[in-house]
Amino acid sequence: MVLLDGARLSKEIKEQIRHEAAQLKERRGITPTLSVILVGDDPASHTYVKMKERACKEVGFHSIVHTMPADITQNDIEETITSMNQDPNVDGILVQLPLPPHIDTTRILELIDPAKDVDGFHPYNFGRLVQGLETFAPCTPLGVMELLRAYGIDPKGLDACVVGASNIVGKPMAALLLNAFASVDVCHIYTKDLQSHTKRADLLVVGVGKPKLIGPEMVKEGAIVIDIGINRLPDGRLVGDVDFEGVSQKASYITPVPGGVGPMTIAMLLTNTIKAARKRRG
Ligand code: NAD
């Protein structure tokens, strides 16, 4: 069994981006800039934004965080996004999700300039992704593809199963795998017999948010297993959706949690941001 080490790979990617950012600065005077909207006091959201800020700093990007109270109005967020869209110095815009229930998240995401949509959540970019066109793909599934590529795993012709079908994880994951010519089976909460799907998969990707949803009995011998889930147990430990101990006995490759897909997500945010800076500024 080979551990797919996202922590190590993300460090290498960050080092490469740091080098590219230094060149952009030296040759063109450009500092890639990420502008973030953070609403409310959700501790996990604050932690994620801090990690993103720290990563920007590590590679020499500029990051601006607009922290807003939980009772902020739709209009106020929309005005902030409009000004970010118009600001020539802002390359990437990220709205940390989830937003409070009184906010229309779809309208917010649709307002972001697709050229600055480094999270890849705008329907324009998502549509291009489904059509296999050049786009900003969402960072988590993009990180999974990069991890596979780095370990020489080609999805072409594999039977892939994606468990979880959200707009930010499962659906773009399925689209990226399909674009890479895997045969893709997508499962969700209403899937009748989950095991009958997961058990057939050469490549199993799980992004649900339920600890130990996938046990060894649900996995094909020799499968490649990617665990996107992040769950905090009552004792404070961080675990994925896959029973790592049991499944790692059967898998040929597997991601750990933490240290697998999580760090790749941040590395892909940096990748998308420098790509946006290059494209938009010519
Ligand atoms: P979500 O709640 O929006 O979607 C969950 C999906 O899982 C839904 O499609 C739902 O139908 C499906 N589902 C729920 N219970 C199921 C079950 N018993 N069997 C099969 N499918 C089931 O969540 P999300 O935003 O897509 O996130 C999913 C997980 O990925 C969470 O643990 C989240 O923390 C994690 N995540 C990790 C990263 C990362 O960087 N590693 C990034 C984003 C999300």
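The values are calculated or read from the model by the stated rules, or taken from the named source; none is laboratory data. Just so it is clear, the model here is predicted, and its values are computed rather than measured. Virtual Cβ from ideal backbone geometry, glycine too; neighbours counted across all protein chains shown. Just the protein is used for accessible areas: all its heavy atoms, side chains included, with ligands, DNA and RNA removed. Shrake-Rupley method; radii C 1.70, N 1.55, O 1.52, S 1.80 Å.
Structure values in brief
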quantity	calculated
Subset of the range 119-133 (residues that are open to solvent by 40 Å² or more (accessible area, probe 1.4 Å), touching a helix residue (DSSP H, G or I) at 6+ places or on another chain (Cβ under 7 Å) and assigned to a loop (DSSP other than H, G, I, E, B))	PHE121, GLY132
The range 148-161, subset within 19 Å of GLY6 (Cα to Cα) and not basic (Lys, Arg), residue most open to solvent (accessible area, probe 1.4 Å)	ASP154
Residues of the range 164-185 classified as touching a Lys or Arg at 6+ places or on another chain (Cβ under 8 Å) and either farther than 23 Å from LEU97 by Cα or of a type in the set (S, T, N, Q) (or both), total	4
Condition check for GLU79: modelled with pLDDT of 95 or more and under 23 Å from ASN231 (Cα atoms)	no
Scan of the range 64-107 for residues that are outside any loop (DSSP other than H, G, I, E, B), among the aliphatic types (A, V, I, L, M) and within 16 Å of the ligand (Cβ to nearest atom), ordered by number	LEU94, VAL95
Single residue of ALA251, ALA223, ALA160 found to be touching a residue at least 40 places away in the same chain (Cβ under 8 Å) and in contact with a Leu (Cβ under 7 Å, 6 or more places away or on another chain)	ALA160
